[in-house]
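See below for the structure under consideration.
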Amino acid sequence: MLRGGASAVLPVCENGDIILVRQYRHAVKEMMFEIPAGCFEGDESPYDCAARELEEETGFKAGRLTLLTPMYPSAGFVKEIIYLYYAENLTPGIVHLDSDEFIEIIKTPLEKAVKMAFDGELRDSKTLAAIFMYKALKGI
């Protein structure tokens, strides 16, 4: 399976909380906690994709968007690369969900998200990678 690529973004609020989205994933037939993400549209850059997906899924715009790393979420199965970012200095924007998207926005302290990961509540690879990379980068 080959896809064009995607971006994902860990939104960080001014108080240090992070924003997750909760949505149903048909492939695993369950509700998942994830960071906002989506595929490139046309010749869109990874940066522009991350900025667009952040606003579309959460209703926030990033004042600052920083690349954490590109990653292969499942190199044994897909060639797709996902660019992981974190977003700071969030300001209100407008949610633009696709007609088949039903998303719940969750604000949570970073440490609670880490606990969710260890408790098995977070199982999405891009979300786990972004949370732990951000935590390590910031020395938190």
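Which number in (1) more than 15 Å from the chain's Cα centre (by Cα); (2) closer than 15 Å to Glu53 by Cα marks the one condition that Tyr86 misses?
Tyr86 satisfies all of (1) more than 15 Å from the chain's Cα centre (by Cα); (2) closer than 15 Å to Glu53 by Cα except (1).
Give me the pairs, please: first residue somewhere in segment 30-42 and without any contact (Cβ under 8 Å) to a residue 12 or more places away in the chain, second residue anywhere and surrounded by fewer than 20 Cβ atoms within 10 Å (Cβ to Cβ) and of a type in the set (A, V, I, L, M), beta-carbon distance under 9 Å, and either six or more positions apart or on two chains.
Listed pairs, sorted by first residue: none to list.
In segment 45-89, which residue that is in contact with a Lys or Arg (Cβ under 8 Å, 6 or more places away or on another chain) and in a strand (DSSP E or B) is nearest to Leu10 (Cα to Cα)?
Result: Ala87.
Report the residue count in segment 31-44 for those that are of a type outside the set (Gly, Ala, Ser) and either more than 16 Å from Ile131 (Cβ to Cβ) or in a helix (DSSP H, G or I) (or both).
Final tally of qualifying residues: 6.
Just to be sure I understand the filter: pairs with C-beta atoms under 7 Å, separated by 6 or more residues or on different chains, first member in segment 2-23 and on the phi > 0 side of the Ramachandran plot, second member crowded, with 21+ Cβ neighbours inside 10 Å. Which pairs pass?
That search, which allows pairs on different chains as well, returns nothing.
A short reminder: the numbers here are calculations on the coordinates, not readings from a lab. As the structure is a computational prediction, the values presented were derived from the model and not from experiment. So basically every Cβ, Gly included, is an ideal-geometry build from the backbone, and we count neighbours across all protein chains shown.
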